[in-house]
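Working notes for the structure below.
The values are calculated or read from the model by the stated rules, or taken from the named source; none is laboratory data. These figures come from a predicted structure and were not determined experimentally. No Cβ is skipped: glycine too gets one built from the backbone with ideal geometry, and neighbour counts run over all protein chains shown.
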């Protein structure tokens, strides 16, 4: 399994739980690296049930949204499931304004998300 | 009596290089000042998001990352308003022609949300006629309680 710099990866039951190292996800280089690490979970590690827990994230830019969209597409193509949780209200508003809350499965808390897999 | 809200409590004017990550040279100071002037976390988030999107657009799309070009940024914080002006040296664009990223056929496009986010999170945004300068304003939310 690859070493990760932008994400912390753990497993609960059969679900891969991902938390983010950076509180602010906005610089281009960091977002590229983050994207590569997230994609590797699907493409190299064959993870099929993935939960992104945003509890540590204070800010993310629209470039980061692009990586999440691509990750969601890769997971769906692999017949997997992707969920998100613990998103702070301001970031949740970003998802709502862009209507990405229709694309992503977003839950309030990790426990709720885990039980929904 | 003079309108106190018209006198900026803080102002900065800077020319940024057209390189990725350059926005931090402005946003770090801007966010610190907003905090020092008691702006709410949600207002600070909104201003940060809009400033970031505007500056990145100017660097990447306006100036096309050309190292010979700069992005001029002016920020002002007054008692009830934050104002950010971002100007690039590119040819400009028509913000009205940006596709609606919330349409079903564009919802899963990985880019194209910056202008929309700026409009949604700021009180006012205005492009100049050429499309290479944008003014962002945020009216401060009244304190709760």
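At a glance:
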{"quantity": "Odd one out for residue A:101 among (1) without any contact (Cβ under 8 Å) to a residue 24 or more places away in the chain; (2) out of contact with any strand residue (DSSP E or B) (no Cβ under 6 Å at 6 or more places or on another chain); (3) surrounded by 16 or more Cβ atoms within 10 Å (Cβ to Cβ); (4) away from chain B (no Cβ under 12 Å)", "calculated": "(4)"}
{"quantity": "Matching strands (runs of 3 or more DSSP E) fully within region B:59-145 where at least 3 residues are free of Cβ contacts under 8 Å to residues at least 40 places away in the same chain", "calculated": "B:124-127"}
{"quantity": "Some residue of region A:58-74 being part of a loop (DSSP other than H, G, I, E, B), more than 9 Å from every other protein chain (Cβ to nearest Cβ), at pLDDT 95 or above and surrounded by 15 or more Cβ atoms within 10 Å (Cβ to Cβ)", "calculated": "no"}
{"quantity": "Test result for residue A:92, buried (at least 21 other Cβ atoms within 10 Å of the Cβ), within 14 Å of chain B (Cβ to nearest Cβ) and either assigned to a helix (DSSP H, G or I) or modelled with pLDDT of 95 or more (or both)", "calculated": "no"}
{"quantity": "So residue B:101, is it more than 16 Å from the chain's Cα centre (by Cα) and under 26 Å from residue A:58 (Cβ atoms)", "calculated": "yes"}
{"quantity": "Residue A:30 vs. criteria over 11 Å from the mean Cα position of the chain (by Cα), within 24 Å of residue B:54 (Cβ to Cβ), within 14 Å of chain B (Cβ to nearest Cβ) and surrounded by fewer than 21 Cβ atoms within 10 Å (Cβ to Cβ)", "calculated": "yes"}
{"quantity": "Single unsatisfied condition, residue B:22 versus (1) within 14 Å of chain A (Cβ to nearest Cβ); (2) within 16 Å of the chain's Cα centre (by Cα); (3) part of a helix (DSSP H, G or I)", "calculated": "(3)"}
{"quantity": "Index of the failed condition, residue B:97 passing every other in (1) away from every other protein chain (no Cβ under 14 Å); (2) within 27 Å of residue A:67 (Cβ to Cβ); (3) touching a strand residue (DSSP E or B) at 6+ places or on another chain (Cβ under 9 Å)", "calculated": "(3)"}
{"quantity": "Residue match in region B:123-130 (condition: under 23 Å from residue B:8 (Cα atoms) and within 9 Å of another protein chain (Cβ to nearest Cβ))", "calculated": "no"}
{"quantity": "Filter pass, residue B:55 being out of contact with any helix residue (DSSP H, G or I) (no Cβ under 9 Å at 6 or more places or on another chain), surrounded by 19 or more Cβ atoms within 10 Å (Cβ to Cβ) and within 13 Å of another protein chain (Cβ to nearest Cβ)", "calculated": "no"}
